[in-house]
Amino acid sequence: MRLNKISEKEFLSRLKKRRLEDLETIRVIEDFLLKKRGYVFRMPPPGSPVILLVSGGMDSITSWGISMEEFGLKVYPLSFDKGEKRRKKEEASLNFFSEFYSKRYPDLFVRPFKLSVDLRKISIPIEKATKILHPQIILDNLDSRGNISLNLSLGSFTLLPFYAMLFSRYLLSTQNIKIKTIFCSVTKGDDVPSQTLTALRITMMAMCVASREYDWQFSSAVFEKETRLFFSKADLVSWAEEEGIPLEKTWSCYRDFRYQCGDCIACYMRIKAFRKAGVADRTLYLSPFAPYQQKLRFEVARFLRSIGIDPKILKALYKKIFKGA
(Lines give C-alpha, C1' and ligand atoms only; values in the text may rest on other atoms or scores of the structure.)
Protein backbone atom coordinates (compact mmCIF):
# COMPACT_ATOMS: atom_id res chain seq x y z
CA MET A 1 0.00 0.00 0.00
CA ARG A 2 1.30 3.43 -0.87
CA LEU A 3 1.33 5.74 2.15
CA ASN A 4 -1.02 8.69 1.72
CA LYS A 5 1.28 11.69 2.29
CA ILE A 6 0.05 15.26 2.47
CA SER A 7 1.78 18.62 2.07
CA GLU A 8 3.29 20.43 5.05
CA LYS A 9 0.70 23.17 4.56
CA GLU A 10 -2.14 20.65 4.73
CA PHE A 11 -0.54 18.98 7.77
CA LEU A 12 -0.45 22.30 9.66
CA SER A 13 -3.99 23.10 8.57
CA ARG A 14 -5.25 19.83 10.04
CA LEU A 15 -3.11 20.26 13.13
CA LYS A 16 -4.77 23.60 13.91
CA LYS A 17 -8.10 21.79 14.25
CA ARG A 18 -6.82 19.54 17.05
CA ARG A 19 -8.01 21.12 20.30
CA LEU A 20 -5.02 20.08 22.46
CA GLU A 21 -2.24 21.19 20.11
CA ASP A 22 -0.15 24.31 20.81
CA LEU A 23 1.28 25.48 17.50
CA GLU A 24 3.32 28.25 19.10
CA THR A 25 5.08 25.77 21.40
CA ILE A 26 5.76 23.49 18.43
CA ARG A 27 7.26 26.40 16.49
CA VAL A 28 9.54 27.44 19.38
CA ILE A 29 10.82 23.88 19.87
CA GLU A 30 11.38 23.33 16.15
CA ASP A 31 13.33 26.60 15.91
CA PHE A 32 15.44 25.46 18.87
CA LEU A 33 16.19 22.09 17.23
CA LEU A 34 16.99 23.72 13.88
CA LYS A 35 19.56 25.97 15.56
CA LYS A 36 21.07 23.11 17.57
CA ARG A 37 21.32 20.42 14.90
CA GLY A 38 20.04 21.80 11.61
CA TYR A 39 16.87 19.70 11.38
CA VAL A 40 13.72 18.89 13.35
CA PHE A 41 13.23 15.22 12.46
CA ARG A 42 14.84 12.97 9.87
CA MET A 43 13.55 9.55 8.96
CA PRO A 44 16.51 7.15 9.25
CA PRO A 45 17.48 5.47 5.97
CA PRO A 46 16.34 1.89 5.20
CA GLY A 47 18.17 -0.72 7.23
CA SER A 48 18.75 1.64 10.16
CA PRO A 49 18.00 0.36 13.68
CA VAL A 50 15.24 2.17 15.60
CA ILE A 51 13.36 1.56 18.84
CA LEU A 52 9.57 1.29 18.80
CA LEU A 53 7.39 1.39 21.93
CA VAL A 54 4.94 -1.51 21.57
CA SER A 55 2.09 -2.73 23.71
CA GLY A 56 0.32 -5.48 21.78
CA GLY A 57 -2.43 -3.03 20.82
CA MET A 58 -3.71 -2.39 17.31
CA ASP A 59 -1.83 0.88 16.77
CA SER A 60 1.64 -0.24 17.87
CA ILE A 61 1.42 -3.62 16.14
CA THR A 62 0.44 -1.92 12.86
CA SER A 63 3.14 0.74 13.27
CA TRP A 64 5.64 -2.08 13.77
CA GLY A 65 4.62 -3.52 10.40
CA ILE A 66 4.67 -0.12 8.67
CA SER A 67 8.16 0.62 10.00
CA MET A 68 9.51 -2.54 8.37
CA GLU A 69 7.34 -2.73 5.23
CA GLU A 70 7.20 0.93 4.22
CA PHE A 71 10.40 2.38 5.69
CA GLY A 72 12.63 -0.70 5.71
CA LEU A 73 13.75 -0.06 9.30
CA LYS A 74 15.23 -2.64 11.63
CA VAL A 75 12.87 -2.32 14.58
CA TYR A 76 13.87 -3.05 18.17
CA PRO A 77 10.46 -3.26 19.90
CA LEU A 78 10.36 -2.30 23.58
CA SER A 79 7.36 -3.37 25.63
CA PHE A 80 6.52 -2.47 29.20
CA ASP A 81 5.01 -4.61 31.94
CA LYS A 82 3.24 -2.03 34.09
CA GLY A 83 1.58 -4.63 36.31
CA GLU A 84 -1.82 -4.30 34.66
CA LYS A 85 -4.22 -7.25 34.56
CA ARG A 86 -4.63 -7.07 30.78
CA ARG A 87 -0.88 -7.59 30.37
CA LYS A 88 -1.36 -11.32 29.65
CA LYS A 89 -3.60 -10.51 26.69
CA GLU A 90 -1.14 -7.94 25.35
CA GLU A 91 1.69 -10.44 25.82
CA ALA A 92 -0.26 -13.01 23.78
CA SER A 93 -0.60 -10.42 21.01
CA LEU A 94 3.14 -9.66 21.10
CA ASN A 95 4.01 -13.36 20.97
CA PHE A 96 1.70 -13.92 18.00
CA PHE A 97 3.08 -11.01 15.99
CA SER A 98 6.65 -11.86 16.90
CA GLU A 99 6.19 -15.14 15.04
CA PHE A 100 4.18 -13.44 12.28
CA TYR A 101 6.71 -10.68 11.58
CA SER A 102 9.76 -12.88 12.02
CA LYS A 103 8.62 -14.91 9.02
CA ARG A 104 7.53 -11.93 6.93
CA TYR A 105 10.54 -9.68 7.62
CA PRO A 106 13.40 -12.00 8.66
CA ASP A 107 16.10 -9.40 7.92
CA LEU A 108 14.42 -6.57 9.83
CA PHE A 109 12.71 -8.40 12.68
CA VAL A 110 14.01 -8.30 16.26
CA ARG A 111 12.18 -10.00 19.13
CA PRO A 112 10.61 -7.52 21.59
CA PHE A 113 12.55 -6.62 24.73
CA LYS A 114 10.34 -6.57 27.82
CA LEU A 115 10.92 -4.10 30.63
CA SER A 116 9.08 -4.21 33.95
CA VAL A 117 7.84 -0.84 35.18
CA ASP A 118 5.37 -1.54 37.99
CA LEU A 119 2.74 1.22 37.82
CA ARG A 120 -0.30 -0.94 38.38
CA LYS A 121 -3.79 -0.02 39.47
CA ILE A 122 -3.98 -0.69 43.21
CA SER A 123 -6.91 -1.08 45.58
CA ILE A 124 -6.59 0.06 49.20
CA PRO A 125 -9.16 -0.82 51.92
CA ILE A 126 -10.91 2.27 53.29
CA GLU A 127 -9.65 1.72 56.84
CA LYS A 128 -6.04 1.74 55.64
CA ALA A 129 -6.57 4.53 53.12
CA THR A 130 -7.71 7.00 55.82
CA LYS A 131 -4.29 6.71 57.44
CA ILE A 132 -2.15 7.32 54.35
CA LEU A 133 -4.21 9.25 51.79
CA HIS A 134 -5.53 12.80 51.63
CA PRO A 135 -9.33 12.97 52.28
CA GLN A 136 -10.00 14.51 48.85
CA ILE A 137 -8.17 11.65 47.13
CA ILE A 138 -10.32 9.18 49.06
CA LEU A 139 -13.53 10.92 47.98
CA ASP A 140 -12.44 11.10 44.35
CA ASN A 141 -11.41 7.42 44.09
CA LEU A 142 -13.82 5.53 46.34
CA ASP A 143 -15.34 2.57 44.49
CA SER A 144 -18.64 0.72 45.04
CA ARG A 145 -16.95 -1.89 47.27
CA GLY A 146 -15.67 0.67 49.73
CA ASN A 147 -12.08 0.48 48.48
CA ILE A 148 -9.85 3.21 47.06
CA SER A 149 -8.75 2.43 43.51
CA LEU A 150 -5.70 4.31 42.25
CA ASN A 151 -4.37 3.89 38.72
CA LEU A 152 -0.67 4.71 39.04
CA SER A 153 -0.02 4.12 35.33
CA LEU A 154 -1.99 7.21 34.24
CA GLY A 155 0.34 9.66 32.52
CA SER A 156 3.18 7.12 32.38
CA PHE A 157 3.39 7.48 28.57
CA THR A 158 5.58 10.57 29.01
CA LEU A 159 8.12 8.49 30.96
CA LEU A 160 8.46 5.66 28.45
CA PRO A 161 10.75 7.45 25.93
CA PHE A 162 13.27 7.99 28.71
CA TYR A 163 13.23 4.27 29.52
CA ALA A 164 13.79 3.74 25.79
CA MET A 165 16.90 5.93 26.03
CA LEU A 166 18.22 3.54 28.69
CA PHE A 167 17.39 0.62 26.40
CA SER A 168 19.36 2.34 23.64
CA ARG A 169 22.39 2.60 25.94
CA TYR A 170 21.95 -1.07 26.83
CA LEU A 171 22.03 -2.04 23.15
CA LEU A 172 25.14 0.08 22.61
CA SER A 173 26.91 -1.49 25.60
CA THR A 174 26.00 -5.09 24.87
CA GLN A 175 25.77 -5.25 21.06
CA ASN A 176 27.51 -2.06 19.86
CA ILE A 177 24.23 -0.97 18.22
CA LYS A 178 23.73 2.81 18.20
CA ILE A 179 20.11 3.96 18.13
CA LYS A 180 19.04 7.57 18.51
CA THR A 181 15.53 7.37 17.00
CA ILE A 182 12.64 6.22 19.16
CA PHE A 183 9.13 5.80 17.76
CA CYS A 184 5.73 5.55 19.38
CA SER A 185 2.37 4.94 17.69
CA VAL A 186 0.43 8.14 18.31
CA THR A 187 -2.24 8.86 15.69
CA LYS A 188 -4.36 11.92 14.95
CA GLY A 189 -7.25 10.29 16.82
CA ASP A 190 -5.45 10.14 20.18
CA ASP A 191 -7.10 12.98 22.06
CA VAL A 192 -5.10 13.21 25.30
CA PRO A 193 -2.45 15.84 26.15
CA SER A 194 0.45 13.38 26.27
CA GLN A 195 -0.32 12.07 22.79
CA THR A 196 -0.19 15.20 20.66
CA LEU A 197 2.47 16.48 18.30
CA THR A 198 3.07 19.21 20.88
CA ALA A 199 3.87 16.62 23.56
CA LEU A 200 6.05 14.60 21.16
CA ARG A 201 8.08 17.71 20.33
CA ILE A 202 8.41 18.68 24.01
CA THR A 203 9.56 15.17 24.88
CA MET A 204 12.12 15.13 22.07
CA MET A 205 13.58 18.43 23.21
CA ALA A 206 13.66 17.24 26.85
CA MET A 207 15.53 14.10 25.81
CA CYS A 208 18.14 16.21 24.00
CA VAL A 209 18.53 18.81 26.74
CA ALA A 210 18.58 16.30 29.62
CA SER A 211 21.31 14.20 27.98
CA ARG A 212 23.16 17.04 26.23
CA GLU A 213 23.06 14.84 23.15
CA TYR A 214 21.21 16.69 20.42
CA ASP A 215 20.75 13.80 17.99
CA TRP A 216 17.90 12.10 19.88
CA GLN A 217 14.64 11.77 17.95
CA PHE A 218 11.21 10.88 19.33
CA SER A 219 8.16 10.78 17.10
CA SER A 220 5.36 8.74 15.60
CA ALA A 221 6.19 7.78 12.02
CA VAL A 222 2.50 7.88 11.10
CA PHE A 223 1.83 11.27 12.70
CA GLU A 224 4.80 13.44 11.82
CA LYS A 225 5.08 16.74 9.95
CA GLU A 226 8.44 15.80 8.42
CA THR A 227 7.17 12.47 7.00
CA ARG A 228 3.92 14.21 5.96
CA LEU A 229 1.78 11.43 7.40
CA PHE A 230 -1.39 12.31 9.32
CA PHE A 231 -2.78 8.85 10.04
CA SER A 232 -5.91 8.03 12.00
CA LYS A 233 -6.67 4.65 13.56
CA ALA A 234 -8.88 3.99 10.54
CA ASP A 235 -5.88 4.56 8.24
CA LEU A 236 -3.93 1.97 10.23
CA VAL A 237 -6.81 -0.48 9.89
CA SER A 238 -6.94 0.09 6.11
CA TRP A 239 -3.18 -0.43 5.78
CA ALA A 240 -3.28 -3.61 7.86
CA GLU A 241 -6.19 -5.00 5.83
CA GLU A 242 -4.36 -4.45 2.54
CA GLU A 243 -1.20 -6.04 3.90
CA GLY A 244 -2.98 -9.04 5.42
CA ILE A 245 -2.18 -8.15 9.03
CA PRO A 246 -4.62 -10.06 11.31
CA LEU A 247 -5.63 -7.23 13.63
CA GLU A 248 -8.11 -9.49 15.42
CA LYS A 249 -5.02 -10.93 17.17
CA THR A 250 -4.20 -7.53 18.76
CA TRP A 251 -5.60 -6.52 22.14
CA SER A 252 -7.07 -3.06 22.85
CA CYS A 253 -9.48 -3.64 25.74
CA TYR A 254 -8.80 -2.07 29.15
CA ARG A 255 -10.43 -5.01 30.90
CA ASP A 256 -9.23 -8.52 31.64
CA PHE A 257 -11.94 -10.71 30.14
CA ARG A 258 -11.69 -13.74 27.90
CA TYR A 259 -12.71 -11.57 24.95
CA GLN A 260 -12.51 -7.81 24.48
CA CYS A 261 -15.43 -6.15 26.23
CA GLY A 262 -16.60 -3.98 23.32
CA ASP A 263 -17.70 -1.27 25.74
CA CYS A 264 -14.63 0.49 27.23
CA ILE A 265 -13.16 3.58 25.54
CA ALA A 266 -10.36 1.55 23.92
CA CYS A 267 -12.87 -0.88 22.41
CA TYR A 268 -15.05 2.03 21.33
CA MET A 269 -12.14 3.63 19.45
CA ARG A 270 -11.24 0.26 17.93
CA ILE A 271 -14.76 -0.44 16.68
CA LYS A 272 -15.07 3.11 15.36
CA ALA A 273 -11.79 2.75 13.41
CA PHE A 274 -12.95 -0.44 11.67
CA ARG A 275 -16.31 1.13 10.85
CA LYS A 276 -14.70 4.28 9.44
CA ALA A 277 -12.23 2.24 7.39
CA GLY A 278 -15.03 0.09 5.99
CA VAL A 279 -13.18 -3.05 7.06
CA ALA A 280 -14.83 -6.11 8.60
CA ASP A 281 -14.02 -6.26 12.31
CA ARG A 282 -13.07 -9.87 13.07
CA THR A 283 -12.29 -9.10 16.71
CA LEU A 284 -13.99 -11.33 19.27
CA TYR A 285 -16.01 -9.22 21.71
CA LEU A 286 -17.98 -10.39 24.76
CA SER A 287 -21.11 -9.55 22.79
CA PRO A 288 -21.00 -10.36 19.06
CA PHE A 289 -23.33 -7.38 18.59
CA ALA A 290 -20.93 -4.88 20.24
CA PRO A 291 -20.04 -3.04 16.98
CA TYR A 292 -23.74 -2.61 16.14
CA GLN A 293 -24.64 -1.55 19.70
CA GLN A 294 -21.97 1.12 19.63
CA LYS A 295 -23.13 2.37 16.25
CA LEU A 296 -26.71 2.58 17.57
CA ARG A 297 -25.55 4.51 20.66
CA PHE A 298 -23.58 6.87 18.44
CA GLU A 299 -26.57 7.53 16.18
CA VAL A 300 -28.89 8.06 19.17
CA ALA A 301 -26.43 10.51 20.77
CA ARG A 302 -26.11 12.39 17.49
CA PHE A 303 -29.89 12.62 17.16
CA LEU A 304 -30.29 13.90 20.74
CA ARG A 305 -27.68 16.60 20.15
CA SER A 306 -29.45 17.63 16.94
CA ILE A 307 -32.62 18.40 18.93
CA GLY A 308 -30.72 20.19 21.69
CA ILE A 309 -30.48 17.44 24.32
CA ASP A 310 -27.15 16.55 25.96
CA PRO A 311 -26.86 12.70 25.97
CA LYS A 312 -24.67 12.86 29.10
CA ILE A 313 -27.57 14.32 31.11
CA LEU A 314 -29.87 11.46 30.10
CA LYS A 315 -27.15 8.91 30.88
CA ALA A 316 -26.60 10.37 34.35
CA LEU A 317 -30.38 10.40 34.97
CA TYR A 318 -30.64 6.76 33.83
CA LYS A 319 -27.91 5.70 36.26
CA LYS A 320 -29.51 7.60 39.12
CA ILE A 321 -32.92 6.01 38.53
CA PHE A 322 -31.62 2.45 38.29
CA LYS A 323 -29.18 2.87 41.19
CA GLY A 324 -32.02 3.83 43.47
CA ALA A 325 -34.23 1.00 42.22
Subject >> Residue in the stretch 246-253 that is in a loop (DSSP other than H, G, I, E, B), touching a residue at least 12 places away in the same chain (Cβ under 8 Å) and surrounded by fewer than 18 Cβ atoms within 10 Å (Cβ to Cβ) present >> reply: yes
Subject >> Boolean, GLY262 is within 17 Å of SER67 (Cα to Cα) and either surrounded by fewer than 19 Cβ atoms within 10 Å (Cβ to Cβ) or modelled with pLDDT under 90 (or both) >> reply: no
Original post:
Looking only at the stretch 45-96, which residues are of a type in the set (Ser, Thr, Tyr) and within 20 Å of ARG270 (Cβ to Cβ)?
Top reply: SER55, SER60, THR62, SER63, SER79, SER93
Original post:
If you take the residues in the stretch 170-197 that are buried (at least 20 other Cβ atoms within 10 Å of the Cβ) and among the hydrophobic types (A, V, I, L, M, F, W, C), which one is farthest from the chain's Cα centre (by Cα)?
Top reply: ILE179
Original post:
So which residues in the stretch 24-38 are on the phi < 0 side of the Ramachandran plot and free of Cβ contacts under 8 Å to residues at least 60 places away in the same chain?
Top reply: GLU24, ARG27, VAL28, ASP31, LEU34, LYS35
**OP:** Mind checking which strands (runs of 3 or more DSSP E) fall wholly inside the stretch 50-136 and carry at least 3 residues that are of a type outside the set (A, V, I, L, M) and modelled with pLDDT of 95 or more?
**Re:** 74-81
Original post:
If you scan the stretch 216-238, which residues turn out to be part of a helix (DSSP H, G or I) and either crowded, with 23+ Cβ neighbours inside 10 Å or charged (D, E, K, R) (or both)?
Top reply: LYS233, ASP235, LEU236, VAL237
**OP:** Identify, from the list LEU20, LEU15, LEU52, LEU3, the residue that is over 28 Å from GLU241 (Cβ atoms) and touching a residue at least 12 places away in the same chain (Cβ under 8 Å).
**Re:** LEU20
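The values are calculated or read from the model by the stated rules, or taken from the named source; none is laboratory data. Computed from a predicted structure; not experimentally measured. Cβ: placed from backbone, ideal geometry, glycine included. Neighbour counts: every protein chain shown.
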